[in-house]
Amino acid sequence: MLDLSPDKILVTGGAGYIGSHTVVALMEAGFDVYVVDNLSNSNIEVLNGIEQITGKRPLFENIDCTDYVAMDKFFTKHEGIKAVIHFAASKAVGESVTVPLKYYRNNVVGLVNLLELMPIHKVQGLVFSSSCTVYGQPDILPVDETAPIKKALSPYGNTKQICENIIFDTVHANNALKSIILRYFNPIGAHPSALIGELPNGVPNNLVPFVVQTAAGVYKKIRIFGDDYNTPDGTCIRDYINVMDLAEAHVSAVKRLIDKDLTMPEVFNLGTGKGLSVMELIKTFEAVTGMRVPYEIVGRREGDIEQVWANPTLAQKVLKWKAKTSVEDTLASAWRWQQHCMEAKNDK
Ligand code: UFG
């Protein structure tokens, strides 16, 4: 008999920033979503936000992907999972330099466990969260997927390169496995409802959470790391992509994995195709929100890339996906999320 029940998708790290937005997009696309997360850099309350947005709570289990036995039990208990989207990983570039083994364990062991368990449990496909960090400073901009992989500047970046290679080797050796590797540029913003967003966990490493919290008065000023780069205003250039747009790309990728016979992993850049400097981003945020973001120029941050933005045409052609939200709307959503967090804190 024809099985008309929705496809089951496991999202590892589904309580995290990009993970939670992707869970929403998958649920809205009709998938049956299972979340595994060890809550090391996320909060269980995100499930309330997901439920408020979608009207449904995804099944959740507190499991660390590096725990092979626990993951094995999970797949046995929830049989019939079609594909996995693997977000669960550590992501702070600076921390990875200080505690590299945490990064090699979490990022590499977690992936190896999944790749070993998937064929045993007849899971066909894996969507993997990679990063434009694999390109280093590209020689040609915008950068496309054929650009050479440059030597990683941090253990974090190295784990992304290693994981991509592991996926290529494993899919090459196993005809039953399929994979899509997504290289994210700089995801920012929050769901338009402001019910989920990026958790302000400690001092932010990334630009937008810092900008937003400075506007909110949590910090007196933001430090701009260098204005002597070879760019029009001297500050670094990045491709900032709306997190819900990014989430939608995962829905396209999962559908492709389920529908198509992919013999080799496919790799896609997920970006807008436009570069914005640190200074331009701060000025745009101020214009959109009417808030002031005091700043000071300080020295360069070690390991920063001068400029990078995506050529996203392959994703457009193959995944039928395109970033559609303006950076203005995206920054406004980041600000609404900050206000939501402050209101929630005051209510406690
Ligand atoms: N920046 C500042 N001040 C800050 C924070 C950042 O000036 O307080 C600048 C950085 O120097 C950089 C830009 O803002 O020029 C963006 O920095 P982010 O830390 O937000 O993002 P990165 O591009 O450095 O790193 C991000 C992710 C990584 C990923 C990488 C890929 O954090 O996980 O993109 O390039 F690997």
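Projection of the Cα convex hull of the chain, averaged over all directions and equal to a quarter of that hull's surface, yields 17.5 nm². Angle of helix 110-120 to the longest C-alpha principal axis of the chain, folded into 0 to 90 degrees and rounded to 10: 20°. Once the Cα atoms are used to define both axes, helix 327-347 deviates from the longest principal axis of the chain by about 90 degrees.
Between Lys220 and Ile166, the contour length at 0.36 nm per residue exceeds the alpha carbon distance by 15.1 nm. Eigenvalues of the alpha-carbon gyration tensor of segment 1-47, scaled by 5 and square-rooted, set the equivalent ellipsoid semi-axes at 24, 10, 7 angstrom, largest first.
Between the helical axis of 68-77 and the longest alpha-carbon principal axis of the chain there is an angle of about 60 degrees.
Nearest 5 percent is fine: what portion of the DSSP beta bridges confined to the chain is antiparallel?
5 percent
Computed in the context of the full set of protein chains, the accessible area of the chain at 1.4 Å probe radius has 52% of its extent on carbon or sulfur. On the basis of the beta-carbon distance and an R0 of 30 Å, Ala70 and Lys150 show a calculated FRET efficiency of 0.25. Separation of segment 1-46 and segment 106-169, taken as the distance between their Cα centroids, equals 21 angstrom.
The residues of segment 1-131 have, on average, 44 Å² of accessible surface per residue, using a 1.4 Å probe with all protein chains present. In this simple spin-label model, placing a label point 7 Å from the Cα along the Cα-to-Cβ direction at both Ile258 and Asn48 gives a separation of 3.1 nm.
Compactness check for segment 1-121: Cα Rg over 2.2 N^0.38 Å is 1.08. Per-residue ellipticity at 222 nm, computed for the chain from helices alone with -39500 (n - 2.57) per DSSP H run of at least four residues, works out to -11500 deg cm²/dmol. For the listed residue pairs Lys91/Lys151; Lys73/Lys102; Lys322/Lys348; Lys8/Lys317; Lys91/Lys345, the alpha carbons are over 28 angstrom apart in Lys322/Lys348. The average projected area of segment 216-348, computed from the convex hull of its Cα atoms over all directions, is 11.1 nm². Across the chain, Cα pairs under 8 Å and at least six residues apart give a relative contact order of 19 percent. Rg and Dmax of segment 146-232, based on Cα coordinates, read 18.5, 55 Å. Distance between the pseudo-spin-label points of Glu79 and Asp227 (7 Å out from Cα toward the beta carbon): 6.4 nm. For segment 124-281, the extents of the C-alpha atoms along the principal axes are 55, 39, 26 Å, listed from largest to smallest.
The values are calculated or read from the model by the stated rules, or taken from the named source; none is laboratory data. On a predicted model such as this, the values are computed, not experimentally measured, just so you know. So basically every Cβ, Gly included, is an ideal-geometry build from the backbone, and we count neighbours across all protein chains shown. Keep in mind that these areas ignore ligands, DNA and RNA; they rest on the heavy atoms of the full protein, side chains included. Shrake-Rupley method; radii C 1.70, N 1.55, O 1.52, S 1.80 Å.
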